[in-house]
Every structure is written in C-alpha cells, then in structure tokens.
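What follows is a single structure, written as structure tokens, with notes after it.
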Amino acid sequence: MSLSFFNTLTGKVEEFKPLEQGHVRMYTCGPTVYGFAHIGNFRTFVFQDILRRYLKYRGYEVLHVMNVTDVDDNTIRNAQAAGLALREFTARYIEAFQVDRELLNLETPEVVVRATDHIADMVKVIETLIEKGFAYESNGSYYFRVQSFPAYGKLSRTDFSGIRAGARVDADKYDKDSARDFVLWKAAKPGEPAWDTPLGRGRPGWHIECSVMSMKYLGETFDIHSGGSDLIFPHHENEIAQSEAATGKPFVRYWLHSEHLTVNGEKMSKSLGNFYTLRDLIAQGYKPTAIRYLLASVPFRKPLNFTLDGLHQAQQSLDRLRNFHYRLAMEKFPAGENPAFAERARAARLEFETALDDDLNTAEALAAIFNLIREGNTAMDQGEFRAGDRGDFLDALKRWNQIFGVLDDKDHEKLRKLGFVQESEPCGIPDGHPRPPAGTLSSQEIERQIQEREQARRRGDYARADQIRQELLEAGVLLEDTKAGTRWKRR
RNA sequence: GGCGCGGUACCCAAGUGGUAAGGGAGAGGUCUGCAAAACCUUUAUGCGGGAGUUCGAUUCUCCCCCGCGCCUCCA
C-alpha cells in the first residue's frame, strides 16, 4: 500500500502524490501568540510533526512552512493589558512556544514566519484582489466579496447560495456588503497597532496572512495544508477563496485536518477555560514525552478525550517501551543469531509502515511495535535470543522512533536546561499519590551512589544497600536490579 | 436546522463481510538477598438499540437513541 491521506477537500482517503516527485511542500497553521498554547493546540502540532517526520521517513524532501500569528484582536488586547508593545508582547509567547516545542520533541519547520513581517506582501495580494474585482473598500477597511467566488464552500461542503435566515452581521464593527464577506484589511482604530500602506493605515485580517505567506514560500499551488478541524470554516475556506481568486490556480492539493482534543467530553479551548498548558502538566510532575505519546497515540482524525488518567496510562506504556529498549541494548545474550528474529523485526517494521501509510494510523503502528516487544521479551526469557539479533530489533525500534520520537528519556535534562526543574522543589501530586522531590540529584551523583550500593551488596551489607536504595527513592530515583546490572529511573 | 465526527471489555483504543489488534488496570505466575521493578499468562459468543440484505454483519442498508464539533474567537 502506498502513502495515503484523508483529504478534506475530496472527503476521501487518497494516494499521496506530490506535485514535484520526491519533494513535498507543506504549510501548517501555527499558533496565535497571545498566551501559552494548550495541549489541544499541541495535539495538532504533534500530528503535524508526525506528518512531516513520516514524509521524510518515506524519502521525501520536505519544505515545511509554519506561521505565527502575531497580530489579531487577541494579541492586541493582551498586549495592551500587559502594558507592552505588540511586538514585545508576542515575542514572549513565541519564545514560550519554542520551548514547548522542544519539550515535546517537535521538529522545527524549515521556515517559520510571522505575520507582521509580511505586511507588504499581504498588501500586494489585496491590491490584486481589488484589481480583479474580488475585494472592495468600505470605511477604510477592505473585504473579500464571497459572492464573486462561486467555488466558495467547497472545502467545508457548505452551500452558501441561499440567503441564511438569522445570519447576524457584525455591522457594529465593520461595514460589509454581505454578512458572508470577510475582512482582508482592517482600518486603523485609535490605540491599536497599525501600518501605513498604499491601502491606508491599518492592519491585516487574519485569513490573508496564511494565503500570502504560504504562497510566497511554497508557490501558488502546493501539496499539503493542515490545521485543526475548527479551521476548516471559515479560515481555510477563506484562504482558498483569496488565493485562488488572486492567482486563478488551485491553491492546495491535500487538506489535512486533525480532530479536537476534548476534556470531559467538551472541546478544550481558551474561551471555555477548560484547558491545560504543557506547563500545567509539567508542574504536576508529568513528563513531556508522555504527553507527546498520548497525543500521538490516537489517530489524528479521531477525537481524543484528555484525562489525567489517560496521561498516566501513556506514561506506563512508554515505560514498557523503554524497558524493552534498555533490555535490548544492555543485556548479555548468547553469541550467534537466529534468522527468524531478523525476519520478525523486519515484519514489524513493515507493519508499522503499512499502518502509517494508511492515513497515519498511529494506533496500529503502536500495536506493531508492542507485538514485537512482547515476542522479543519472550525470546529473551526463553534464552532463544542471540547477540546477533540485537541489531535487527534495535533497528526496528529506531525506525519506529524516528516517527514517534519518545524512546529516549531526555525529559529531565530538558526540563533542567529550560529552567523547569527547581533545585529541591517537590513535584505536585498528580493522581493522589504523593511523589518525592525530583531533580535534586545529578546523574553523576546517582551513579556514584549506585556504585556504593553495589559494593555493599557484594560484601553482604544489605542493610546499607537498602538504605541507599531508600534514600534514592526519597530523592525521586527508582532503582531496578536487572540481569544487565542496576538501572535507575527518575519518577 | 445544515454539514461532519464518534458510541468496541473496568479505563484508553485499533479493526475487518467470515467470526474481535495494542496499551493501562486487575488477577495468576516467573525472576530476585529482600523489596521494588521487570517479564510472561489471563480478562468482550461481544462491538449504542431495532429492522433489513447475506450462507454469514461488529463491519453494508434503513430507522432510532446518546455524546461531541463546525455553521464568521478558536489547533
């Protein structure tokens, strides 16, 4: 089976064929930087990350552009509330977003662009739309005339030909010819940031930035555009209208939309106030990789109901994965090899590739790797696994992890580096179980104490050995005595 | 009202016209100085309800029930 995606535009799963062989040009809608992103936002960003990783895995050269919306009603309002200039205010949350991305192991797109760096480009496209008769001016603002673009509604499968009864017009804010028309350029208001342009003094509307920046870096027609399902209408519908009206060419070939993250069965959103940021969860002692695992484990087109219990389960699953990886890497096996295991590892690889080829079915890809783990453990327990089989299994895990990006536990290092781990500060109590303070001991110190415990064990001083183990546990470090030696984990 | 998504074991969650992946949790077992951890085994005659098509449906069709999303703030 070849790589296929569900395309919102056609409503079907379609084989993916990029415009240019071997190259993929894709645009993803990034955050509006007026606060910390919440994990609902990150569900989409994790999906987009898995998408770009898998495209690369499949041998494509990926040119990925992501935008940052740094001017809109929300950013302006919050910047004013904070008493900061817009640019200064948004810079803080852009930085926070980058920190969160690093914690979640999200790859950096080839091009990251800010709306306010592209005002002139947007003005040019709006001028083109005016020249071609798709846009009009009203009280210093400019609007796209939806009626002039017959294909309007093709993405969201909505028929706008009839007059909608009860449609409300926000005429108190702006003057539009029709309720459906959307703003391209907003006339300056007192006290708001504004740019002096040939269109007059004002600021861009939200939708125009994505059209302009995507086409600037990717061309007038490109392969993939993705975002959360709430962007289908009106944002992406409007992008299509603006872009295709301006160029006369198809805008995007494959539209990919992720379903929402819910909490208690309701969409997680800032307006509902029912959201968790990454930082909220870290403060409660949860690991960023566990969050990534959870967000990645449900296929992107399925709703995902977020619970702390679910996050705990994700953490446990991740431990199982890492335990096997550790055992595979560290345990001593008899010399030789068993060809059946090389074949088994290869089969597992094909299974997860087939799963991901099918519209990025991450749940099946997980099943493929867990089946390999179980069979590997059994073979090791029964003494059938050979030293020469190690490489094949490691290779399968490594390839799987190129997509999932959760196998290595760098959480503690990253949290420390990024200033999240305070010396001697205890973790919270996430699920009713008290947790010992974590992060106060360096890896070197832990290793040293393990050495000391080993010596105590060898001379039969189990009282001392158990004391060290207990002390480490109280410092948030769990010891495991395995055949391959003593292993430690931070809790 | 229009459009769309979902309802699978205690929890999370795949999937197929031919008889239910995987993970968590629970239970049993193995290993270990001890404990912990780890590992193995095990847990749905059943896939929201009803009718139909079929040799056979959880999977297709129709009707119904429930939850959620979008319908110019929103990943």
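Laid out as a table, the results:
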read-out: Close pairs from the stretch A:442-464: first among the polar types (S, T, N, Q), partner open to solvent by less than 80 Å² (accessible area, probe 1.4 Å) and within 12 Å of RNA strand B (Cβ to nearest atom), Cβ under 8 Å, at least 6 apart; value: A:Gln449/A:Ile468; A:Gln449/A:Leu472
read-out: The stretch A:314-337 residues that are in the same structural domain as A:Met380 (by TED's automatic domain parsing) and at positive phi, paired with ones that are open to solvent by 30 Å² or more (accessible area, probe 1.4 Å) and away from RNA strand B (no atom under 11 Å from the Cβ) (beta carbon under 9 Å, 6 or more apart); value: A:Gly336/A:Arg386; A:Gly336/A:Ala387; A:Gly336/A:Gly388
read-out: Conditions (1) in the same structural domain as A:Asp381 (by TED's automatic domain parsing); (2) at pLDDT below 95: number failed by A:Glu266; value: (1)
read-out: Hits in the stretch A:39-64 - residues which are within 9 Å of RNA strand B (Cβ to nearest atom) and among the small types (Gly, Ala, Ser); value: A:Gly40
read-out: Neighbours by Cβ (under 7 Å, 6+ apart or cross-chain): first from the stretch A:138-150, free of Cβ contacts under 8 Å to residues at least 40 places away in the same chain; second of a type outside the set (Phe, Trp, Tyr) and open to solvent by 30 Å² or more (accessible area, probe 1.4 Å); value: A:Ser138/A:Asp175; A:Ser138/A:Lys176; A:Arg145/A:Asp177; A:Gln147/A:Ser178
read-out: Residue in the stretch A:296-308 that is within 30 Å of A:His23 (Cα to Cα), within 10 Å of RNA strand B (Cβ to nearest atom), of a type in the set (Val, Ile, Thr) and open to solvent by less than 60 Å² (accessible area, probe 1.4 Å) present; value: yes
read-out: Some residue of the stretch A:273-281 being open to solvent by 30 Å² or more (accessible area, probe 1.4 Å), among the hydrophobic types (A, V, I, L, M, F, W, C), in contact with a Lys or Arg (Cβ under 9 Å, 6 or more places away or on another chain) and near RNA strand B (Cβ under 9 Å from one of its atoms); value: no
read-out: Strands (runs of 3 or more DSSP E) wholly inside the stretch A:171-241 that include at least 2 residues being under 15 Å from A:Ser141 (Cβ atoms); value: A:182-187, A:195-197, A:200-204
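Residues checked against (1) assigned by TED's automatic domain parsing to the domain that holds A:Glu127; (2) touching a helix residue (DSSP H, G or I) at 6+ places or on another chain (Cβ under 9 Å):
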{"position": "A:Gly227", "(1), (2)": "yes, yes"}
{"position": "A:Val252", "(1), (2)": "yes, yes"}
{"position": "A:Ser271", "(1), (2)": "no, no"}
{"position": "A:Asp280", "(1), (2)": "no, yes"}
{"position": "A:Ala283", "(1), (2)": "no, no"}
{"position": "A:Tyr286", "(1), (2)": "no, yes"}
{"position": "A:Ser297", "(1), (2)": "no, yes"}
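The values are calculated or read from the model by the stated rules, or taken from the named source; none is laboratory data. These numbers come from a predicted model, not from an experiment. With ideal geometry, Cβ positions are generated from the backbone for all residues, glycine too; neighbour counts draw on all protein chains shown. In case anyone asks, the SASA skips ligands and DNA or RNA and just uses the protein heavy atoms, side chains included. Shrake-Rupley method; radii C 1.70, N 1.55, O 1.52, S 1.80 Å.
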